[in-house]
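Have a look at the structure below, then the notes.
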Amino acid sequence: MKNIWNEGKTYEETAREIQQLNCNLLAGMYSKYSLGKQTVLEMGCGTGYLTESLSQIKNVEKIMAFDLSKEMLDVAKAKKILNTIFINISFNALETEEVFTSFVSNAAFHWLFPNYSRALDKINSLLKKDSFVYIATAGKNKDSEEYDNMMNDVLLDINPTYESFSKRRLSIIDIKNLIKNTNFILEDVFLVSREVVCTPFEFVQWLFASGCSFKEEMPNDKEKLFIKLEKANFKNICHWTTFFLLKKR
């Protein structure tokens with residue numbers, strides 16, 4: 001997987017409202033289920049929203065947080081988060097002999113499409129027995145599909161190599177089916193829908209910083225996208241997240 005997340009500072013500013021809410025929710029789940037001394041493996045830590053929240057939980061002794069983007073990690077490292085090791089590597093390339101008591105990820109699992117089953121097998125190999133997995137990924141329902149169809153029309157006009165983000169999304173039913181025949185027990189799964197008021201300019205900044213599904217290089221013509229959204233009277237970022245909690249058998 002190539003690094004398409006090269007705007008760490010922009011992401012930190014534009015994604016905060018939504019991603020901090022999701023990270024707080026994951027951290028609350030973590031506090032409830034992961035008891036005793038904890039060592040955490042975090043996938044796709046980005047600029048450190050979730051890392052920072054987890055580091056404030058008393059029983060978390062160590063966090064190994066990794067991300068493909070050096071630019072994102074530079075922002076995370078600047079926060080000087082306690083008891084945390086940051087590694088610039090992809091999930092597929094990650095190799096470690098250490099096993100952890102928990103695995104967490106916010107807004108990264110969907111980038112492993114279409115290899116979700118293979119990813120769960122690898123996560124299983126990185127965890128001790130009875131460990132918990134906390135994941136927040138792109139969610140799917142009827143509203144998200146309508147939103148994606150609208151964005152497809154806009155983004156394909158900007159770059160014909162755009163691939164619909166909808167194929168990466170997972171519904172509650174998708175998660176239930178995905179967990180079958182794995183070494184995990186599905187403890188909980190739910191979908192959260194959020195809507196944030198923003199200007200077309202703010203949306204374009206967030207979209208490019210958060211990663212967009214282009215087969216080739218990210219397009220440079222942000223101005224064209226901004227003008228199209230402004231003409232369409234665009235006012236909101238709509239965001240769907242599926243949360244799921246797993247326990248290793």
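The values are calculated or read from the model by the stated rules, or taken from the named source; none is laboratory data. All of these numbers come straight from a predicted model, not from anything done at the bench. Glycine gets a Cβ as well: all are built from the backbone with ideal geometry, and neighbour counts include every protein chain shown. For accessibility, only protein heavy atoms count, side chains too; no ligands or nucleic acids. Shrake-Rupley method; radii C 1.70, N 1.55, O 1.52, S 1.80 Å.
Among residues of the stretch 50-67 that are within 18 Å of ARG16 (Cβ to Cβ), those with a beta-carbon under 8 Å from a residue that is in a helix (DSSP H, G or I) and open to solvent by 30 Å² or more (accessible area, probe 1.4 Å) at least six positions away or on a different chain give the pairs SER53/ASN24.
Condition test on ILE175, is it β-branched (Val, Ile, Thr), touching a residue at least 40 places away in the same chain (Cβ under 8 Å) and surrounded by fewer than 18 Cβ atoms within 10 Å (Cβ to Cβ)? Here the answer is no, as ILE175 does not meet what is asked. Looking at this structure, is TYR147 on the phi < 0 side of the Ramachandran plot, hydroxyl-bearing (Ser, Thr, Tyr) and assigned to a helix (DSSP H, G or I)? Yes; evaluated as a whole, the condition is true for this residue. Taking the conditions (1) within 17 Å of GLN19 (Cα to Cα); (2) free of Cβ contacts under 8 Å to residues at least 40 places away in the same chain; (3) assigned to a strand (DSSP E or B) in turn, THR47 satisfies each one other than (3). Restricting attention to the stretch 83-96, does a residue exist that is surrounded by 23 or more Cβ atoms within 10 Å (Cβ to Cβ) and under 20 Å from LYS248 (Cβ atoms)? No: zero hits.
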